[in-house]
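Worksheet: one structure, shown below.
We did not get these values from a lab; they are worked out from the coordinates using the rules stated. All values derive from a computational prediction rather than experimental measurement. No Cβ is skipped: glycine too gets one built from the backbone with ideal geometry, and neighbour counts run over all protein chains shown.
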Amino acid sequence: MKPWIILALVSVIGAAADKTLLPGQAGNDDLQLSASLLLDREAITQAVGADPGDGYIVVRMKAIPKTEQPLRLSPDDFTLLSRKDGDRSQALSPGQIAGKGALVVKSSPDHLSSPGVRERQPLKVESRNTDENLPLLTALKAKIFPDDETKTPVEGLLYFPLDNKVKPKDLSLVYKGFAGKLIIDFR
């Protein structure tokens, strides 16, 4: 085989490899996204700088705009989907997790009240209306993914209320914003 043919094949294969995205990445002509999941409570506490408690998944997000004009990015642009059970969750603001008046709503598992009859336990609502949450609120605000227009790369954390007993392979992160729609799979 002639050397120029080999060189041409290597360049084509190299170009194809550049376009292949790894798990946790998605992109188009306007935006490149890279994300990693934090499912373990200890890892989440370390990343945030405070313990938000059970029932949260945190996504470490990096966004690189590719447009000439500033691109509007926001935590509200992201939804976390569980392919395991169909749950979907919008990103929460720090105030929704630890602000004054923040509520935690938990459902109880089904139980049998009598043979053959299934009843659902009522929802449990716990108030987080205390000043004890100020350190958590401050930590969450300091690390959150920015809500702003930008032409430069940005990084931050996204907070999702979702059962953290799922595996990364069961989750997808959907971006729907000014740069279109992108889906990040964590398989």
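A few comments on the model shown:
- Proxy reagent accessibility, fewest Cβ within 10 Å first, across 167, 143: 167, 143
- Computed from label points 7 Å out along Cα-Cβ, the spacing between residue 163 and residue 185 is 2.3 nm.
- With each label modelled as a point 7 angstrom along the Cα→C-beta vector, the residue 79-residue 29 pair spans 2.6 nm.
- Unit charges on C-beta of K, R, D, E only; dipole of segment 128-187, Debye: 320
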